[in-house]
Amino acid sequence: SAAEKGGYDYFMLKEIAEQPKAVADTLLGRIDAVGSLTLDEVRISAAELREVDKVVIVACGTAFHAGMIAKYAIEHWTRIPCEVELASEFRYRDPILGPRSLVIAISQSGETMDTLMALRHAREQGSKVLAICNTNGSTIPRESDAVLYTHAGPEVAVASTKAFLTQLVACYLVALYLGQVRGTKWGDEISAVIRDLSHISGEVERVLETMEPVRELARSLADKNTVLFLGRHVGYPVALEGALKLKELAYMHAEGFAAGELKHGPIALIEEDLPVVVVVPSPRGRSVIHDKIVSNIQEIRARGARTIVIAEEGDEAVVPYADHLIRIPATPTLLQPLVATVPLQVFACELATARGNEVDQPRNLAKSVTVE
Ligand code: AGP
């Protein structure tokens, strides 16, 4: 009913708008005044976490994209090797697991059969499983050794939005917590990240306030057949997520690529007026990656692409090559997906509406996939 949708036309719009609060709720009570993390509900002892020699993340769809981003954070902040695998592929390749492997299963619903089977396999090998989940008491947390709930509130739209942002926050918390219990050099960078994380909800809010041009752009592309998405570093999973949203909602051909792979094949797809969304990393952090992606934008534009550039405020280097420029607030490099994903959600939702599609219930899809 209209009341359930809180005045929005679709649950998806309501859930996109709820993201600042959802993100704040994921953080609530988990960072103390001096910037230490308390994840009491993670009932895997500090001693066990200190023994972990490998992290393996399993998930599907959007949750898998959160896992891909988590890998960057975990390896960078803890120096523990981290693998990410599609849950549906995991147990069929005889993965190497043991008692010192920490398996993280990410799932909004907690009922995804592929993810459940992957975690059962991991536990059979003696690994500890930590679930990152949005649904209290669902099967995946019940069968895991510990759970970190995302507290995003119920997500009704089939296309995942607030669950994704909160999964990211939960992943950052786990990465930082692992660093904390293992006594990873607690440098200024990490303190700054914790500080920025505690303000991130306001940044997400700011992005939401500037989405009208994105909606307008989406409507102008309603008759296109294909949209490509490029990203690098944590922007690569963001590109994949943007493409998945567009497939699900707009039923368009959408593909995400690592920008560095362009010259190894995908650049052959570029033709006159093809919309290409590029997620640009911060020019401050890893400036080499930034410069490389700027030349990627130049290359595709020289071949006729219509460039839709998502870049940090103050990044002037992209301006000459952007047919459409979407600004996002500056964040630490690893946190950028929290703000960069939001315009892509709005973009896909508006394109779906413009194409006359059912936003909350896309064809052929179910909210949770309880078969393998
Ligand atoms: C996201 O928009 C999708 N509907 C889908 O990819 C989803 O993320 C995937 O099926 C995993 O679901 P889960 O998080 O409930 O396990």
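Residues considered: Gly202, Gly179. Of these, the only one that is away from the ligand (no atom under 16 Å from the Cβ), surrounded by 20 or more Cβ atoms within 10 Å (Cβ to Cβ) and not aliphatic (A, V, I, L, M) is Gly179. Say we look at segment 89-103 and pick out the residues that are crowded, with 20+ Cβ neighbours inside 10 Å and within 18 Å of Cys60 (Cβ to Cβ); which of these is farthest from the chain's Cα centre (by Cα)? Applying the filter and picking the extreme gives Arg91. The conditions of being loosely packed, with under 15 Cβ neighbours inside 10 Å, of a type in the set (Asp, Glu), farther than 14 Å from Ala239 by Cβ and at pLDDT 95 or above are not met by Glu299. What about Asp53, is it more than 16 Å from the ligand (Cβ to nearest atom) and either surrounded by fewer than 24 Cβ atoms within 10 Å (Cβ to Cβ) or within 30 Å of Glu212 (Cα to Cα) (or both)? Yes: the conditions hold for Asp53. Only one of the numbered conditions (1) more than 15 Å from the chain's Cα centre (by Cα); (2) in a helix (DSSP H, G or I); (3) among the hydrophobic types (A, V, I, L, M, F, W, C) is violated by Val227, and that is (2). When residues in segment 100-124 are screened for being part of a helix (DSSP H, G or I) and either of a type in the set (Val, Ile, Thr) or near the ligand (Cβ under 7 Å from one of its atoms) (or both), 1 of them pass.
Checked against (1) away from the ligand (no atom under 11 Å from the Cβ); (2) within 20 Å of the chain's Cα centre (by Cα), Ala131 passes all but a single condition, namely (1). Here the condition is being modelled with pLDDT under 95, β-branched (Val, Ile, Thr) and assigned to a strand (DSSP E or B); of Val147, Val193, Val174, Val158, it holds for Val147 alone. Looking only at residues of segment 267-289 that are surrounded by fewer than 20 Cβ atoms within 10 Å (Cβ to Cβ) and either within 13 Å of Thr226 (Cα to Cα) or at pLDDT 95 or above (or both), we find that the one that is farthest from the ligand (Cβ to nearest atom) is Glu272. Taken together, the residues in segment 77-87 that are touching a strand residue (DSSP E or B) at 6+ places or on another chain (Cβ under 9 Å) and surrounded by fewer than 20 Cβ atoms within 10 Å (Cβ to Cβ) amount to 5. Put simply, of Ile106, Ile74 the only residue that is crowded, with 24+ Cβ neighbours inside 10 Å, in contact (Cβ under 8 Å) with a residue 40 or more places away in the chain and closer than 19 Å to Glu241 by Cα is Ile106.
The strands (runs of 3 or more DSSP E) found entirely in segment 246-347 that carry 2 or more residues being under 26 Å from Ile16 (Cβ atoms) and among the β-branched types (Val, Ile, Thr) are 275-279, 306-312, 324-328. Check segment 82-98 and report whether any residue there is under 17 Å from Leu173 (Cα atoms) and among the polar types (S, T, N, Q). There is no residue in segment 82-98 that is under 17 Å from Leu173 (Cα atoms) and among the polar types (S, T, N, Q).
The values are calculated or read from the model by the stated rules, or taken from the named source; none is laboratory data. Please read these numbers as outputs of a predicted model, since none were measured by experiment. Cβ coordinates were reconstructed from backbone atoms using ideal geometry, including for glycine residues, and neighbour counts include every protein chain displayed.
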